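Below is one structure, written out as structure tokens; comments come after it.
The values are calculated or read from the model by the stated rules, or taken from the named source; none is laboratory data. Keep in mind that this is a model prediction, so the values were computed, not measured. In this analysis, Cβ positions are derived from the backbone assuming ideal geometry, glycine residues included, and neighbour counts consider all displayed protein chains. Calculation scope for accessible area: heavy atoms of the full protein, side chains included, ligands and nucleic acids excluded. Shrake-Rupley method; radii C 1.70, N 1.55, O 1.52, S 1.80 Å.
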Amino acid sequence: MKACVLHGVGDLRYENAATPEPREDEVLIRVGACGVCGSDIPRVFEKGTYSFPTIPGHEFAGTVVSAGGESGREMIGQRVAAYPLIPCRECFACRQGEYQLCARYDYLGSRSDGAFAEYVRAPVWNLVPIPPEVSMDEAAMTEPAAVALHASRQGEMKPGDTVAVVGAGPIGLLVALWARAEGAAKVLIFDVDDARLDTARMLGFDAMCNPREADAREFVAALTKFGCDVSIEAAGTASALALALQCARPMGTVVALGNPAGDMTLAQDAYWAIPRKQLRIVGSWNSSFSDGPRNEWRTVLEAMASKRLDVRPLITHRIDLRSLPRMMDSLRDKSVDAIKVLCQSEESR
């Protein structure tokens, strides 16, 4: 098969690779579309994967073409989204059903080969059928949409809440979409990039602020009586966390969601908001996936099918696999202004 293989930091090559063979309880998936995650940029150019060579790519959907055993044979021919985290099922978190917090997990696209390829293998347990109303492109957005949903649930959002989203990248915008879908009275969106705020405006939001150009404190005071009920930091910077703390009302909730690019230092004035407003600070990591009702992937796909969640406007670029290394360079140097890039198969294109 063809794949984009990471041979070392900064060395991503489009080349021939062995088609994976599914083991017992695994299936082989023909990749229909795979998204480029913001984490893929440092993974390719700075941190690398856990070993080399590895095929990156973890936001994907495709069609099951074969099974390694009896399990999964009934899914051959089905379109599926695949949860990329493979839990150990033995650690403390796994025993609580919190598989996203597994201490010894495997992960498609960083610890094992992922979906920047024509084919990828995945455990049957990790698969969710795609409803007929959902396109392959939309289904490839299930992973980031589930991450955003998980953050919303960690913040315990309720209808009528006022929600602040600090950071209008793909995940932050998806958080804002979920807040609106869940009945938020107001959604305030902050970003230092006006182009990202323009995207939020295109999505139908009207309360945006660039904190480098306007006083964020005055912006919040003008739109809320006491501050925001839920404040979600989705940028991974100290300034974003400080702003999220500032936006929150007394006894409000602040969700730490963003992936930090480096050390984060909190100024004394920013820290004071936590004890003086008695804020509830919670973390959010990955998304919940299980055999039971707490499967946020199923929730996402059902919301896409009903059009309660429309992720299509976030897909700004569609490319083929051959073009991916060049696109990764452009995303790193920011010469391409993209929200979500999808690498599609020929049949999807």
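Some values worked out for this structure:
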{"quantity": "Pick from region 258-282, criterion under 28 Å from THR142 (Cα atoms) and in contact with a helix residue (DSSP H, G or I) (Cβ under 7 Å, 6 or more places away or on another chain), ranking: most open to solvent (accessible area, probe 1.4 Å)", "calculated": "ILE281"}
{"quantity": "Filtered residues of region 305-328 (kept if out of contact with any Leu (no Cβ under 7 Å at 6 or more places or on another chain) and open to solvent by 60 Å² or more (accessible area, probe 1.4 Å))", "calculated": "SER306, LYS307, ARG308, ARG312, THR316, ARG322, ARG326"}
{"quantity": "Top-ranked residue of region 242-259 - restricted to ones that are touching a residue at least 40 places away in the same chain (Cβ under 8 Å) and assigned to a helix (DSSP H, G or I), ranked as farthest from ALA184 (Cα to Cα)", "calculated": "LEU243"}
{"quantity": "Whichever residue in region 1-25 is farther than 20 Å from CYS343 by Cβ and more than 24 Å from the chain's Cα centre (by Cα) and, among such residues, is least open to solvent (accessible area, probe 1.4 Å)", "calculated": "GLY8"}
{"quantity": "Criterion violated by VAL65 - all others in (1) within 15 Å of TYR119 (Cβ to Cβ); (2) crowded, with 20+ Cβ neighbours inside 10 Å; (3) among the hydrophobic types (A, V, I, L, M, F, W, C) satisfied", "calculated": "(2)"}
{"quantity": "Selection from region 329-345 of residues that are open to solvent by less than 30 Å² (accessible area, probe 1.4 Å), among the small types (Gly, Ala, Ser) and not in a helix (DSSP H, G or I)", "calculated": "ALA338, SER345"}
{"quantity": "Cross-chain or 6+ apart pairs with Cβ under 6 Å, region 265-277 first and in contact (Cβ under 8 Å) with a residue 24 or more places away in the chain, then open to solvent by 60 Å² or more (accessible area, probe 1.4 Å)", "calculated": "LYS277/PRO250"}
{"quantity": "Out of GLU302, GLU296, sole residue that is open to solvent by less than 40 Å² (accessible area, probe 1.4 Å), acidic (Asp, Glu) and modelled with pLDDT of 95 or more", "calculated": "GLU296"}
{"quantity": "Condition check for GLY57: in a loop (DSSP other than H, G, I, E, B) and farther than 20 Å from SER288 by Cα", "calculated": "no"}
{"quantity": "Qualifying positions in region 61-114 - under 16 Å from the mean Cα position of the chain (by Cα) and part of a loop (DSSP other than H, G, I, E, B)", "calculated": "TYR83, PRO84, GLY109, SER110, GLY114"}
{"quantity": "SER239 being surrounded by 15 or more Cβ atoms within 10 Å (Cβ to Cβ), assigned to a helix (DSSP H, G or I) and at pLDDT 95 or above", "calculated": "yes"}
{"quantity": "Scope region 26-54; condition surrounded by 15 or more Cβ atoms within 10 Å (Cβ to Cβ) and among the charged types (D, E, K, R); matching residues", "calculated": "GLU26, ARG30, ASP40, ARG43"}
{"quantity": "Residue check for ARG249: modelled with pLDDT of 95 or more, basic (Lys, Arg), more than 27 Å from ALA338 (Cα to Cα) and exposed (fewer than 15 other Cβ atoms within 10 Å of the Cβ)", "calculated": "no"}
{"quantity": "Scope region 121-141; condition among the β-branched types (Val, Ile, Thr) and touching a Phe, Trp or Tyr at 6+ places or on another chain (Cβ under 7 Å); matching residues", "calculated": "VAL128"}
